[in-house]
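Here it is, the structure, as structure tokens.
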Amino acid sequence: MFKNFYTTQMSTDHKQLRIRFVKMRSKSGRFSKIMAAVMAVTLAFMMMCVTIVMAATGEDGLEHWDKNEAYLIDGTSVSLSTDKENVPQWVYDNVTTDGNMELIMKRYELRMIDGWLIPMNLLEIKGNIGSITLASSAVERGKVTKQDKETNSYNQFFQQAEENDRFIQYTFIEYNNEGYGNVKNIMDKFIRANIQDNAGVVLGFTMSEDFKIKKAFVSFTVNDENDNIKTEYPCINIDYINFSDIGDFQNNMQEAYIKIWDYNFSVYEKDYENKSVDEIKISVIEASKERITLDIQCNLPDIERRDINIYNEYENLVFTPYEHDKLFGSISLTPKVEDIASEKWEQENITGNFLSGHKYRVTVCLIDSNNKTVYRWQEYATIK
């Protein structure tokens, strides 16, 4: 029932990773603010060779990541009872003999050793004979439309969901595909599955207009060697009232639905204090409706590129220049109409300008020739 989102070659360009890890059904690409309240829990995974360290900035003010980090955001769990007709054989061979199991989903931020953040969602499936853990490779989100229900008759999810429901679907796999490169190497530290039939689970949630979770839909799959779905089993419908949340899972769903990932700053770093480095000077020199202009000066060697992102007060990514004619100096950022659009302003007259009186979070990341983060900076600019 679910599309294949996997690719045999994962790009080292984190702009491309952003696209591949977060697939939006909405053509407008609308996003909203990040979590207002994040579960302040950091899990240690030392037994899996992943060490948690919240501070990696040296005395020189530069980034020095030497270990992977995983930050727990939230999660949810549910008990499930099923029979052999509704699940693949791998479930009964590896998890349960009586059809009873528990699904435990947890959402994380994963900071890789090069300093970049990627989303990581884990699903543990526990039963009376064992457990396995899978990781998500794709998140799809949007609204269930009348056209979805009419044109996707093969799709059990759309047939069971109600029209105009918002939804989020997480695709969990074993990460067997070697094309994922370094991402696969990291995910392998968390995944616990050694199954002859490649395991997969798709877990979807439907929500009301105000983002209250209504139902969950679970589908177990058998995948090929590249993690693409070969066989999909019946979609199991579960009322959300049966779930037990970890942290603030329900209240975080609006942010999970709307936001795009920040690959530079964790959800715990919205009040990040910029570090003083003699060779680097960054400032906002203009913040008007027409443009935000930065002055970026850097005398460090081996800085090959820089990443600039602008987020609005809802944490929607409203501007991210893929290319620019110069690395440093005075850089003016002018959004296009489709860049500035947001679901919050869906019914308003979108002009393509920044909004007067509103505050925007501007981030800059300096990257060396090895694609490693060297320096991070952020500032909140209020539009005049």
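Sorted by mean Cβ packing within 10 Å, highest first, what order do the peptides 157-165, 199-207 take?
Details: 157-165: 16.9, 199-207: 24.0.
So the order, starting with the most tightly packed, is 199-207, 157-165.
Students often check this: by mean Cβ neighbours within 10 Å, which of 168-178, 300-310 ranks highest, and how do the rest follow? Before the final figure, lay out each step's value.
Details: 168-178: 22.9, 300-310: 16.4.
Ranking, from highest mean packing down: 168-178, 300-310.
What is the list of residues in the stretch 114-144 whose amide nitrogen lies under 19 Å from a point 7 angstrom out from the Cα of residue 98, following Cα to Cβ?
Of the residues in the stretch 114-144, 125-132 have backbone N under 19 Å from the label point off residue 98.
Using 0.36 nm per residue of separation minus the Cα-Cα distance, give me the extension gain between residue 379 and residue 241 in nm, one decimal.
Details: separation 138, 0.36 × 138 = 49.68 nm, distance 4.05 nm.
Value of the extension gain: 45.6 nm.
Beyond 20 Å, what percent of the Cα pairs of the stretch 153-296 remain? Before the final figure, lay out the partial values.
Details: 6854 of 10296 pairs.
Looking at the stretch 153-296, the distances longer than 20 Å represent 67 percent of pairs.
All of the numbers you see were taken from the coordinates with simple rules; none came from a lab. This one's a predicted model, so the numbers in the text were calculated from it and none came from an experiment. Here the Cβ is made from the backbone with ideal geometry for all residues, glycine too, and neighbour counts use every protein chain on show.
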